[in-house]
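Asks: Okay, here's the structure, questions in a sec.
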Amino acid sequence: MIKKYIVLSLSIIFLVSCGGSEALAPISTVEPTQVESTLSPTPEVTMTPEPFDFPTITYEGMKDPYGIAINSLGNFYVTDAGNGRVLVFDAQGNLLSTWDKQGSSDGEFKSMGFGGLAIDSNDNVFVVDNGNFRIQKFDKDGNYITQWGSEGTGDSQFVRVIGIATDKDDNVYVTDDGNPFVQKFDNDGNFIMKFGAQGNGDGQFSHATGIAVDANGNIFVADYELKRVQKFDSAGNFITVWKMGDDIGVSGIPEAIAIDSQGNVYISDYLLGRIQIFDNDGNFISAIGGKSISSNPFKRPTGIVFDENGKMFVVNQSGNNISIVDLP
């Protein structure tokens, strides 16, 4: 018998000022020890008040979850990376199915690691399968459609994919921890282009993580090594860059990115356990959580997604659950 637990704590709505494998840890991730003792003074900023009491969804046995995406039916998909599988829930948090075949054949997974997933306008699901150096495409029910990728640093090759996103035309974008560029593919996995290079200059990456594409085709990429986010146009031309954590004087580690219906940019801070919100040009708006690791609401937050009503779901990797946050 499958056991599923939905933990619904007292839900407090906070207003935000805006319109089969062990998961691999990021190379540069550091444990959040003694961070608070080295912080610079905190400027006046807008942050969600404490205490935090967000409802959570927990599934028995979930281990090191990472990515999350939601389809047109309100069902959401989670990469349960530590178990090498995908979990599918309905909008109420009831488990619908598990995709858990292990191996290297079609539809099987091997060492997902820090790999995400994405959904296109037809509810097809794209899953990062790091141990097999590939992306796999499924329909909404988990039926295998196609795959692409191999190990290496050339076009359509991967070392360790982390972020994955789709645009309004259903093209697929991926970031790669071992390749310092973003690759773009069509919906069937045919290579279109790539952009980026190794370095810390404009348009360059050290260790890219989260990626998201807004309604205008702008591409946002997080870099946890450089602790910043860069914005590019649809052709991969650099537009702007901003640092993380200026509001509290510590950068933290940016992981996932999500874009709301107003074009605002939400970024999970893997180190400090908070979400930072920026406008589309990188101007700070507000944050959920502050500089206190122990009291911040999220535990190693990774994936972020919004449902059609603007409700935000945040994957807590070390908490092995998903926080549900009601936003205005």
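The values are calculated or read from the model by the stated rules, or taken from the named source; none is laboratory data. Quick caveat: nothing in here was measured; it's all calculated off a predicted structure. Neighbour counts are summed over all protein chains in view; Cβ atoms, including those assigned to glycine, are modelled from backbone coordinates with ideal geometry. Areas reflect the complete protein model, heavy atoms only, side chains present, ligands, DNA and RNA absent. Shrake-Rupley method; radii C 1.70, N 1.55, O 1.52, S 1.80 Å.
Asks: Considering only C-alpha atoms, what is the centroid distance from segment 225-280 to segment 145-160, in Å?
Replies: Spelled out, the Cα-based centre of one part sits 26 Å from the other.
Asks: In nm, to one decimal, how far is the Lys168 label point from the Asp281 one, both placed 7 Å along Cα→Cβ?
Replies: In this crude label model, Lys168 to Asp281 measures out at 2.1 nm.
Asks: For an R0 of 35 angstrom, estimate the FRET efficiency from the Cβ-Cβ distance between Tyr144 and Gln92 and round to the nearest 0.05.
Replies: Numbers: r = 27 Å, r/R0 = 0.78.
It comes out at approximately 0.80.
Asks: Local charge sum around Ser105 (other residues, Cβ-Cβ under 12 Å, Lys/Arg +1, Asp/Glu -1)?
Replies: On the way: positive: Lys101, Lys110, Arg134; negative: Asp106, Glu108, Asp129.
Within the 12 Å Cβ shell, the charges total 0.
Asks: Taking 26 Å as the cut-off for C-alpha to C-alpha distance, list the pairs among Lys168/Lys291; Lys63/Lys101; Lys101/Lys168; Lys168/Lys194; Lys110/Lys291; Lys101/Lys231 that go past it.
Replies: Details: Lys168/Lys291 36 Å; Lys63/Lys101 16 Å; Lys101/Lys168 30 Å; Lys168/Lys194 18 Å; Lys110/Lys291 36 Å; Lys101/Lys231 37 Å.
Distance filter (> 26 Å) returns Lys168/Lys291; Lys101/Lys168; Lys110/Lys291; Lys101/Lys231.
Asks: At a 1.4 Å probe radius, carbon and sulfur cover how many percent of the accessible area of segment 185-282?
Replies: Working: 1250 of 3100 Å².
Accessible surface attributable to carbon and sulfur in segment 185-282 totals 40 percent.
Asks: Less than 16 Å apart at the alpha-carbon level, and either on another chain or at least 8 residues along: which aspartates and glutamates does that give for Lys311?
Replies: Asp53, Asp90, Asp260, Asp326
Asks: Rolling a 1.4 Å sphere over the protein heavy atoms, what is the accessible area per residue of segment 106-172, to the nearest Å²? Write out the running numbers ahead of the final one.
Replies: On the way: 2270 Å² over 67 residues.
Accessible area per residue, segment 106-172: 34 Å².
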